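Take a look at the structure below.
The values are calculated or read from the model by the stated rules, or taken from the named source; none is laboratory data. Because the structure is a prediction, the values reported are computed rather than measured. Ideal geometry is used to build each Cβ from the backbone, glycine not excepted, and the neighbour counts take in all protein chains shown.
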Amino acid sequence: MGSPLSFAGIGKRYGDVAALTDFSLDVAAGEFVTFLGPSGSGKTTALNILAGFIDPTEGEVAIDGVPITRLPSDKRNIGMVFQSYSLFPHMNVRDNVGFPLRMRGVVRARRDHLAEAALAMVRLEGFGDRKPHELSGGQRQRVAFARAVVFEPQVLLMDEPLGALDLKLREAMQDEIRQVQRRIGCTVIYVTHDQGEALAMSDRIVVMSGGRIAQVGTPAAIYDQPQNTFVARFVGETNLLPASVVEGELRLGSKVFAVPADGPGVGWQGSVALRPEHFARATAAGGQAISCTILDVAFHGGSFRYVAESPEFGRLIFQEQRGQGHEPLAPGQATALGFSMDKAVFLNG
Ligand SMILES: Nc1ncnc2c1ncn2[C@@H]1O[C@H](COP(=O)(O)OP(=O)(O)O)[C@@H](O)[C@H]1O
Ligand SMILES: [Mg+2]
């Protein structure tokens, strides 16, 4: 038996547009994998090829090692949740949830029983007789979710399912989706353009750009070790400082460091990436600290986020936990930022 889910060399072209190029990925059973990327990066195309709504121009998709590329979508045992709830407006909630069972020839009594159980799982017991228009947006999306899991699919696909909901509800639904997924044990592929959502929910993230995979890894690996400037910029906030290795020294503007053991070689030119939390206020300017002026301060509850302007490096973002023994900085104030080269990631470009 092969990998529970696999994409092998998938490509999709529309005339001159390459929607997806050389997309290969194996997903383990029970894994929660997120396709993350900006609009137009090929996320929906990849998902729809797996679901069977789009034929790839090249490559194969397989479940448990069996190619399904030419199998009709309703034979794939895949559940699907879209951004628009796509509920049947004339059917009540119970019938909406039971619909995939009806398509599979399950009798009414059994269907209603399973639909009620699925509704209970998304905390909508007692809503079976309502019509979709009698529900809030969040409730409708929970119904759509119940409908996607009611037949216990091996694979559940979700395409920006929370995009239409407000932030508080989105966060609550993120937890709920993870809990239900753990209970059912299905494999999930989740699509979002929201990097915070991807980091919070996923076992692994596939970062996409221009129809290609930019990086695949766990949330921590993607955050701590971005492999290119696209990923560094798209996932979390990053400061990219132009740097080079000249005469055995690492140079950032006028500042000179020893090249770290696993650092780049002589002649390298690129960027040093530092996360906002990797900076700390230095006690004195000069030396290796970066002098800057505070432009803006934002209160984030447990921390402050600062925007600063450095004459040498331009705009820098840094973050400071509260209660570090000093007063918060104010716009217009001068400060100096220290950092450890251990935290730096070296990127080409
Ligand atoms: N039916 C289509 N015809 C032509 N181009 C398409 C079609 N579907 C998608 N595309 C193009 O393919 C690229 C990827 O689209 P899509 O997979 O929908 O991106 P995402 O879901 O990441 O926003 C985009 O450039 C989009 O315009
Ligand atoms: Mg899309």
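Counting only residues that are more than 8 Å from ligand 1 (Cβ to nearest atom) and within 15 Å of I205 (Cβ to Cβ), region 30-46 holds 5 of them.
In region 279-329, the residue that is nearest to R251 (Cα to Cα) out of those that are of a type in the set (D, E) and part of a strand (DSSP E or B) is E309. Would you check if there is a residue in region 7-14 being without any contact (Cβ under 8 Å) to a residue 24 or more places away in the chain, near ligand 1 (Cβ under 9 Å from one of its atoms) and not hydrophobic (A, V, I, L, M, F, W, C)? Within region 7-14 (the criterion being without any contact (Cβ under 8 Å) to a residue 24 or more places away in the chain, near ligand 1 (Cβ under 9 Å from one of its atoms) and not hydrophobic (A, V, I, L, M, F, W, C)), the answer is yes, since at least one residue qualifies.
Would you check if there is a residue in region 99-118 being surrounded by 17 or more Cβ atoms within 10 Å (Cβ to Cβ), within 16 Å of ligand 2 (Cβ to nearest atom) and aliphatic (A, V, I, L, M)? The answer is no, given that none of the residues of region 99-118 is surrounded by 17 or more Cβ atoms within 10 Å (Cβ to Cβ), within 16 Å of ligand 2 (Cβ to nearest atom) and aliphatic (A, V, I, L, M).
Residues in region 53-96 that are part of a loop (DSSP other than H, G, I, E, B) and closer than 17 Å to V27 by Cα: D64, G65, I68, T69, R76, N77. Quick one: would you say R233 is in contact (Cβ under 8 Å) with a residue 24 or more places away in the chain and away from ligand 1 (no atom under 13 Å from the Cβ)? No: the conditions fail for R233. Residues in region 60-68: is at least one at positive phi, among the acidic types (D, E) and more than 10 Å from ligand 2 (Cβ to nearest atom)? The answer is yes, given that some residue of region 60-68 is at positive phi, among the acidic types (D, E) and more than 10 Å from ligand 2 (Cβ to nearest atom). If you go through region 151-184 and pick out every residue that is closer than 19 Å to I78 by Cα, away from ligand 2 (no atom under 16 Å from the Cβ) and in contact (Cβ under 8 Å) with a residue 40 or more places away in the chain, you end up with 9.
Of all residues in region 120-142, which are in a helix (DSSP H, G or I) and under 19 Å from L165 (Cα atoms)? Residues satisfying the conditions are P132, H133, E134, G137, G138, Q139, R140, Q141, R142. Can you pull out every residue in region 195-224 that is acidic (D, E) and surrounded by fewer than 18 Cβ atoms within 10 Å (Cβ to Cβ)? Residues satisfying the conditions are D203, D224. Just wondering, is there one or more residues in region 69-80 that are more than 28 Å from A115 (Cβ to Cβ) and either more than 13 Å from ligand 2 (Cβ to nearest atom) or within 18 Å of the chain's Cα centre (by Cα) (or both)? Looking for residues that are more than 28 Å from A115 (Cβ to Cβ) and either more than 13 Å from ligand 2 (Cβ to nearest atom) or within 18 Å of the chain's Cα centre (by Cα) (or both), one finds at least one in region 69-80, hence yes. Screening V27 with (1) within 16 Å of ligand 1 (Cβ to nearest atom); (2) buried (at least 19 other Cβ atoms within 10 Å of the Cβ) gives one miss only, at (1). Just to be sure, is A28 within 19 Å of the chain's Cα centre (by Cα), touching a residue at least 24 places away in the same chain (Cβ under 8 Å) and over 21 Å from Q195 (Cα atoms)? Yes.
Test A261 against the stated conditions and say whether it is on the phi < 0 side of the Ramachandran plot and either loosely packed, with under 14 Cβ neighbours inside 10 Å or part of a helix (DSSP H, G or I) (or both).
Working: on the phi < 0 side of the Ramachandran plot: yes; either loosely packed, with under 14 Cβ neighbours inside 10 Å or part of a helix (DSSP H, G or I) (or both): yes.
Spelling it out, A261 is indeed on the phi < 0 side of the Ramachandran plot and either loosely packed, with under 14 Cβ neighbours inside 10 Å or part of a helix (DSSP H, G or I) (or both).
Hey, can you tell me all the residues within region 23-61 that are farther than 30 Å from G236 by Cα, among the small types (G, A, S) and modelled with pLDDT of 95 or more? Across region 23-61, the qualifying residue is only G59. Within region 48-63, identify whether any single residue is more than 16 Å from ligand 1 (Cβ to nearest atom), surrounded by 14 or more Cβ atoms within 10 Å (Cβ to Cβ) and touching a residue at least 60 places away in the same chain (Cβ under 8 Å), and answer yes or no. So far as region 48-63 goes, yes, one or more of its residues are more than 16 Å from ligand 1 (Cβ to nearest atom), surrounded by 14 or more Cβ atoms within 10 Å (Cβ to Cβ) and touching a residue at least 60 places away in the same chain (Cβ under 8 Å).
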